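What follows is a set of notes on a single structure, which appears directly below.
The values are calculated or read from the model by the stated rules, or taken from the named source; none is laboratory data. What you see is a predicted model, and the numbers here were worked out from it, not measured in a lab. Quick reminder, even Gly has a Cβ in these numbers, built from the backbone with ideal geometry, and neighbours come from all protein chains shown.
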């Protein structure tokens, strides 16, 4: 995996949280998608992709994220994305209307709370 | 009758007295004699008185007078005569003898005359005796002197008479021969002091001398003599022939020359020894000359150097006027080096069999030529030398003729078989040296090639940075060293700079550089911090590469976006920073131990900022270290040289090398790496390889430029994202097209940012999902997006007017 991008995954109860940091472009996107998806057991309820530490995302990152959302949905699992509004990543997600695929939250806590209430 | 008796008694008394005086005269004092004589006078006077006037008796006074004249001086004798005259006169007066005067004259006068005559006679006899005695004394003195002279003479002096018998024999002769004078004199010389074998020769010489006309003086012979003890010695005889009193004698001095001969022999032996020693020394010198040849042959140097060194030494060993080494190559000889002679202006390779060296190479045997003609030599290199004697010996390694060694001499030297033998010995060593040098050169080339292959053959294009490097191998004869440098674009836009020096030389050092370089690249690309990278390198070094190895290293990571630098110095010389408007300064501090000296050292990571316009210079010690000079003096030169010098990295490098590396190369390898943080201008252009990894570098450059253009953080992020989309497309096009680099051009028109991303690949229509999303992203983020596909590639022009100020 390219060192531009860094991934830490953790499981909290029936949640898997994937913390992604660095810069996400075509050089790391497809690999990252598979890695995140593989870290999500079928048993869990939901996946939160945490982009708080991500500094850059481009269309290949978006494509990866759409693909990930599709696969997670196909397993009837929930997915949320954390990206602070106003930051470049949130701006790009907004531009491509990513919230069609998964809800975007400002912070991790609100994302967890959202899933818990769903 | 009575009267007769009285007379007899008186005469008897007188006779006894006379007899007494006669016998005792020698032991009586003079006065006693006088008394005795006077007493005689008195007795005879009384006798005359008794005997009466007989005229005959006074004659008895004659006895007294004769005694007086015999014993006393004439005047004292006359005094006694006077006493006699007085006594007899008185007697005549008292007794009234007839004719007293006649009687007195008869009695006194007659003995007086007789006495005077006897006295005269005695005086004459005495005088004659004294004279004779004087003469005899003088003779004795003279003889003693001669004897003394002869005896004190250091040489034996012998005189022979006409019959060859010894008549003179001095003390030196006694000492020399052991015979005393008494024993020698009167014996024939031939039997006494000549060994049997010399005797006939002696007789012949003696005869010649005796029969020769006239006298001879100082004729010299060398003769073998014999001592009394039978031992013989060599003597030098100086013989004369003299005549003394009608007799011929042969006097001669004999000088023992055995000592002289012994000295002569000693001297000769000494000379022989000296000659032997000189020969031994010559041989020793030759052997050491040979040793020098071997040393030269085994020195780690290039073929050219070794050949010219060997040729000089061969010339010295042979003491020749000139020497040349020809090197063989595919049946041709070329002149490798020459010593002593003038090198000809142009030299064509000489085929085997042609010319003197060519014939040596063909025959594979030593050749000697005397007074060769230029035609015979057929080689301008030799023909020019005006030679009298030439030897050529083939250089053979493993059965192949690798060259020919030729030495030349001019008059009066003529080479002999000994010289040929010596040259063959020299040739063995030269051949060894050539072989060694060839092997060494091959190894050197391999090491150099390896070294070169390990250094980047071209430095990466680093947007916003200018970088240049120089590597100079050490002067020809030295081995390739372990200097290396590297420039590593790190994903994310950072740039790693490496300058290192592995201890040691040659192949081993070069391969060590290879391992270090790939390891460092791997660690750097993993994105580790500089201290971590160096720490991992050290661990690798310590555990894998052998504890005996050591290396110094500087690893610098620069973030071009803001010029921040983090770096680690593992025992290397400090980098030099050239900041704007400041004099150059060394980045001291943070100097940790070199790699490979401790298992777990801590490498201190330092940071500083390389402002736009500032430069960083890294180098190895070969640049500043010179034999015999303090390295601090060398270091001190760097700021001076670069003080107000050029700014571009390649000019910086060239100036340093130009000023610090002597003509012909430095004693050690020199590596210099300079990097400049080029200040951003309103325009920029950069090329990137068509690989996803280039995207981060491009974004990094773009952010810098946009910051220069006073964009806000959001504007910067958005424009960067849009350009990233264009660049991603360009990489995709190139992947289909053939791998050409893509270009990014930036222009700033007032507040309008105008960026063109151009590729030379095959254009592909955007697919519905991904690429389509890319295009729509660009359109959403920029004011205007123009995509122009041509047959050469695709050009995407992105424009956007900046609003706010980024505060930069």
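Evaluate the range B:535-556: report whether one residue or more is within 14 Å of chain A (Cβ to nearest Cβ) and either buried (at least 23 other Cβ atoms within 10 Å of the Cβ) or at pLDDT below 90 (or both). Walk me through it before giving the result.
At the first step, the residues of the range B:535-556 found to be within 14 Å of chain A (Cβ to nearest Cβ) are none.
The answer is no; no qualifying residue exists.
Taking the options B:703, B:699, B:676, B:707, name whichever one is part of a helix (DSSP H, G or I) and more than 14 Å from every other protein chain (Cβ to nearest Cβ). First the steps, then the outcome.
Numbers: B:703 fails: more than 14 Å from every other protein chain (Cβ to nearest Cβ); B:699 fails: more than 14 Å from every other protein chain (Cβ to nearest Cβ); B:676 fails: part of a helix (DSSP H, G or I).
It is B:707.
Looking at the range B:373-385, which of the residues that are touching a strand residue (DSSP E or B) at 6+ places or on another chain (Cβ under 9 Å) and surrounded by fewer than 20 Cβ atoms within 10 Å (Cβ to Cβ) is modelled with the lowest pLDDT? Reasoning before the result, please.
If we filter the range B:373-385 for residues that are touching a strand residue (DSSP E or B) at 6+ places or on another chain (Cβ under 9 Å), which is where we start, we get B:376-379, B:381-382, B:385.
Remaining after also requiring surrounded by fewer than 20 Cβ atoms within 10 Å (Cβ to Cβ): B:376, B:378.
Values: B:376: 70, B:378: 66.
Looking at residues that are touching a strand residue (DSSP E or B) at 6+ places or on another chain (Cβ under 9 Å) and surrounded by fewer than 20 Cβ atoms within 10 Å (Cβ to Cβ), I get B:378.
Quick grid of which residues meet (1) modelled with pLDDT under 85; (2) touching a helix residue (DSSP H, G or I) at 6+ places or on another chain (Cβ under 7 Å):
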{"site": "B:190", "(1), (2)": "no, yes"}
{"site": "B:200", "(1), (2)": "no, no"}
{"site": "B:208", "(1), (2)": "no, no"}
{"site": "B:212", "(1), (2)": "yes, no"}
{"site": "B:220", "(1), (2)": "no, no"}
{"site": "B:231", "(1), (2)": "no, no"}
{"site": "B:239", "(1), (2)": "no, yes"}
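Please work out if residue B:90 is assigned to a helix (DSSP H, G or I), out of contact with any strand residue (DSSP E or B) (no Cβ under 7 Å at 6 or more places or on another chain), surrounded by 14 or more Cβ atoms within 10 Å (Cβ to Cβ) and at pLDDT 80 or above. Step through it out loud before you land on a result.
Working: assigned to a helix (DSSP H, G or I): yes; out of contact with any strand residue (DSSP E or B) (no Cβ under 7 Å at 6 or more places or on another chain): yes; surrounded by 14 or more Cβ atoms within 10 Å (Cβ to Cβ): no; at pLDDT 80 or above: yes.
The answer is no for residue B:90.
Working only within the range B:711-731, note down all residues that are more than 10 Å from every other protein chain (Cβ to nearest Cβ) and either surrounded by fewer than 24 Cβ atoms within 10 Å (Cβ to Cβ) or over 16 Å from residue B:773 (Cα atoms) (or both).
B:711, B:712, B:715
Scan the range A:19-28 residue by residue and report those that are surrounded by fewer than 21 Cβ atoms within 10 Å (Cβ to Cβ) and more than 14 Å from chain B (Cβ to nearest Cβ). Outline the logic, then answer.
Our first condition is that a residue be surrounded by fewer than 21 Cβ atoms within 10 Å (Cβ to Cβ); within the range A:19-28, this holds for A:19, A:21.
Residue satisfying the conditions is A:19 alone.
For every residue, the table says whether it meets (1) surrounded by 14 or more Cβ atoms within 10 Å (Cβ to Cβ); (2) closer than 30 Å to residue B:562 by Cα.
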| residue | (1), (2) |
| --- | --- |
| B:590 | yes, yes |
| B:596 | yes, no |
| B:625 | yes, no |
| B:643 | no, yes |
| B:650 | yes, yes |
| B:673 | yes, yes |
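So is residue A:106 away from every other protein chain (no Cβ under 13 Å), exposed (fewer than 13 other Cβ atoms within 10 Å of the Cβ) and under 16 Å from residue A:49 (Cα atoms) or not?
On the way: away from every other protein chain (no Cβ under 13 Å): yes; exposed (fewer than 13 other Cβ atoms within 10 Å of the Cβ): no; under 16 Å from residue A:49 (Cα atoms): yes.
The answer is no for residue A:106.
Has the range B:734-753 got at least one residue that is within 14 Å of chain A (Cβ to nearest Cβ), in contact with a helix residue (DSSP H, G or I) (Cβ under 9 Å, 6 or more places away or on another chain) and modelled with pLDDT of 90 or more?
Residues of the range B:734-753 within 14 Å of chain A (Cβ to nearest Cβ): B:734-735, B:742.
Right, trim to in contact with a helix residue (DSSP H, G or I) (Cβ under 9 Å, 6 or more places away or on another chain) and you get B:742.
This time we only want the ones that are modelled with pLDDT of 90 or more, so: none.
For the range B:734-753, residues within 14 Å of chain A (Cβ to nearest Cβ), in contact with a helix residue (DSSP H, G or I) (Cβ under 9 Å, 6 or more places away or on another chain) and modelled with pLDDT of 90 or more: absent.
Taking residue A:11, is it at pLDDT 90 or above, buried (at least 16 other Cβ atoms within 10 Å of the Cβ), more than 11 Å from the chain's Cα centre (by Cα) and more than 14 Å from chain B (Cβ to nearest Cβ)?
So residue A:11 fails the test.
If residue B:122 meets every condition in (1) within 30 Å of residue B:89 (Cβ to Cβ); (2) under 60 Å from the mean Cα position of the chain (by Cα) apart from one, which number is that one?
Looking at each condition in turn, residue B:122 falls short on (2).
Can you say whether residue A:45 is touching a helix residue (DSSP H, G or I) at 6+ places or on another chain (Cβ under 8 Å) and surrounded by fewer than 18 Cβ atoms within 10 Å (Cβ to Cβ), as far as the supplied structure shows?
Numbers: touching a helix residue (DSSP H, G or I) at 6+ places or on another chain (Cβ under 8 Å): yes; surrounded by fewer than 18 Cβ atoms within 10 Å (Cβ to Cβ): yes.
Taking the combined requirement at face value, the residue satisfies it.
Just one of the numbered conditions (1) within 14 Å of chain B (Cβ to nearest Cβ); (2) in contact with a strand residue (DSSP E or B) (Cβ under 6 Å, 6 or more places away or on another chain) is not true of residue A:67; which one?
Only one criterion is unmet by residue A:67, namely (2).
Looking at the range A:29-38, can you tell me whether even one residue there is within 11 Å of chain B (Cβ to nearest Cβ) and under 21 Å from residue B:726 (Cβ atoms)?
yes
Quick check on the range A:79-97: of everything there that is surrounded by 20 or more Cβ atoms within 10 Å (Cβ to Cβ) and more than 10 Å from chain B (Cβ to nearest Cβ), which residue is nearest to residue A:44 (Cα to Cα)?
Per the stated criteria, the residue is A:79.
Checking residue B:163 against (1) in a helix (DSSP H, G or I); (2) out of contact with any strand residue (DSSP E or B) (no Cβ under 6 Å at 6 or more places or on another chain); (3) closer than 30 Å to residue B:230 by Cβ; (4) free of Cβ contacts under 8 Å to residues at least 40 places away in the same chain, only one condition comes out false. Which one?
For residue B:163, the failing item is (1).
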